């Protein structure tokens, strides 16, 4: 590899430093025994322990996980089917461009716009069924809505990379549609599907805006809890909680990266 | 040989369009059971499209595909006793070599011990049994090609299709594989249909060749027939090298830019083109009794096994394996024997 100029290297390091300084600060204060102030007193896991006895936090954690898991599974299944349909059905040049734009719109739309739209939509659906009162069902539906595009984009790029050759070879070797899907497409697509699912899971875990607009009294998630708690003052428990969320996110992001990069 | 049992493949007036482009135009061919047939032509001539219609990967817009008398025109690839060696080989990257080769048997639910027996027989025949547990990415290009061959042949197809199977191999290996492929086909007595743009490959491998251009078959016959008696300029120049001479009919022969020449038959048109292969022209010190042309060496190109000597007038290219060196300005007599002169259609 070519050696970087020292100025560029130091700039890069400085950027990294400023990016990660606040996160590192949060992690440091989560193991500081002092409740207030910026002086490090003593190393402790006390705040973590306290966190795990806080019923409200545990419930929020459970809600977050439930929301992330259910929405991820649904979005992954729908997104994968959509990706296969988009990549393999003979749509024709024009329609394909239109579909491509439609697919990208949810990715670039600000969350707040989608959230507001969901509020309107669920407001109307409430007349149909009380199922659409603010709460977990709405949150799950909301999360599925924005996750699908991400899953589809990841899976589709993998599908394009696989190419059609192997599919034609499988057909030439007498494989039925089902056999082809089961023994060729899905195994080859699996890294893409897992990567898409992990991305969706991470997005759901971190989402605040859409959850905030759709949650009900019994479906508070961690981001919403943290938002509420911070308004009353930042406590070391919040630092501990934030550190855990960051940790899980980092693990998922690294995992996704690995899977997508692997040939 | 098992030729009699093999089924004939008949293509009847096949046409295929992609949008406004007619990729294949009204092609009629008969491939005899057990022969090595080659579709030869430059890229974009429709040869691969034609092959894909035999495989069932494309459906013709018009015409029929008949295999052993049965109309298989609209039969999907999954239902045809035809297998393909793809240009990219298209091996399944997630499966071992064994499972790659077993794929066609497994998808048709052949019993397990039968699968093992048949797969190993093919792997051994192609000398790749040690590779059975490897994955495709661990193999060289030549080994991948053998796997692709084994994967197709294990299904005992009525027709084996080969879509430019040598294009990914280096020149030396290619020459070796061509001969092996021909031997394999003779041994099995199966119908092979090869698509290639490499004329040498077509001549080495085939029992019969169809030369294609712009979606049409221009000429078909044995390699000797198409090489020795090309019907037009395109075939003459696409297969090997050819000297092309325009002619006008004259008393007792034809008048050409290099002089008066006799033919061994009457020219069909008052004017047209003659072709003669560079290696059919004789160089001599004395004037030959018939069709002698007094010529001057323009340049000499050494090609390892022979020389290409370019003479004026013409220029006429002569391929000679003689040890005698020719230098620019040297004079010699060329003999363009009447029986070696081919009258072209255009």
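There is no residue in region A:136-154 that is more than 22 Å from residue A:195 (Cα to Cα) and over 19 Å from the mean Cα position of the chain (by Cα). When you check residue B:86 against the structure, is it within 19 Å of residue B:195 (Cα to Cα) and crowded, with 18+ Cβ neighbours inside 10 Å, yes or no? Yes.
Against the test of being crowded, with 22+ Cβ neighbours inside 10 Å, at pLDDT below 95, under 19 Å from residue B:57 (Cβ atoms) and assigned by TED's automatic domain parsing to the domain that holds residue B:199, the options B:157, B:165 yield a single qualifying residue, B:165. Of the residues making up region B:73-109, those that are part of a loop (DSSP other than H, G, I, E, B), more than 8 Å from chain A (Cβ to nearest Cβ) and under 30 Å from the mean Cα position of the chain (by Cα) are B:73, B:74, B:75, B:80, B:81, B:87, B:89.
Looking at A:254, A:230, just one residue is surrounded by fewer than 18 Cβ atoms within 10 Å (Cβ to Cβ), without any contact (Cβ under 8 Å) to a residue 12 or more places away in the chain and in contact with a helix residue (DSSP H, G or I) (Cβ under 7 Å, 6 or more places away or on another chain), and that residue is A:230. Could you list, in sequence order, all residues of region A:175-203 that are free of Cβ contacts under 8 Å to residues at least 12 places away in the same chain and either surrounded by 23 or more Cβ atoms within 10 Å (Cβ to Cβ) or within 16 Å of residue B:94 (Cα to Cα) (or both)? A:175, A:179, A:181, A:182, A:186, A:187, A:190, listed by residue number. Looking across region A:14-40, just one residue is in a loop (DSSP other than H, G, I, E, B) and within 22 Å of residue A:250 (Cα to Cα), and that is A:31.
When you check residue B:143 against the structure, is it crowded, with 17+ Cβ neighbours inside 10 Å, touching a helix residue (DSSP H, G or I) at 6+ places or on another chain (Cβ under 7 Å) and free of Cβ contacts under 8 Å to residues at least 60 places away in the same chain, yes or no?
yes
Residue by residue, here is whether (1) over 18 Å from residue B:259 (Cβ atoms); (2) touching a helix residue (DSSP H, G or I) at 6+ places or on another chain (Cβ under 8 Å); (3) part of a strand (DSSP E or B); (4) outside the structural domain of residue B:251 (by TED's automatic domain parsing) holds:
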residue: B:273; (1), (2), (3), (4): no, yes, yes, no
residue: B:286; (1), (2), (3), (4): no, no, no, no
residue: B:294; (1), (2), (3), (4): no, no, yes, no
residue: B:297; (1), (2), (3), (4): no, no, yes, no
residue: B:300; (1), (2), (3), (4): yes, no, yes, no
residue: B:311; (1), (2), (3), (4): no, no, yes, no
residue: B:325; (1), (2), (3), (4): yes, no, no, no
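For region A:139-147, state whether one or more residues are under 16 Å from residue A:80 (Cα atoms) and within 14 Å of chain B (Cβ to nearest Cβ). Scanning region A:139-147, I find no residue that is under 16 Å from residue A:80 (Cα atoms) and within 14 Å of chain B (Cβ to nearest Cβ), so the answer is no.
The values are calculated or read from the model by the stated rules, or taken from the named source; none is laboratory data. From a predicted model like this one, the values you see are computed outputs, not experimental measurements. Positions of Cβ are generated from backbone atoms using ideal geometry, with glycine treated the same way; all protein chains shown enter the neighbour counts.
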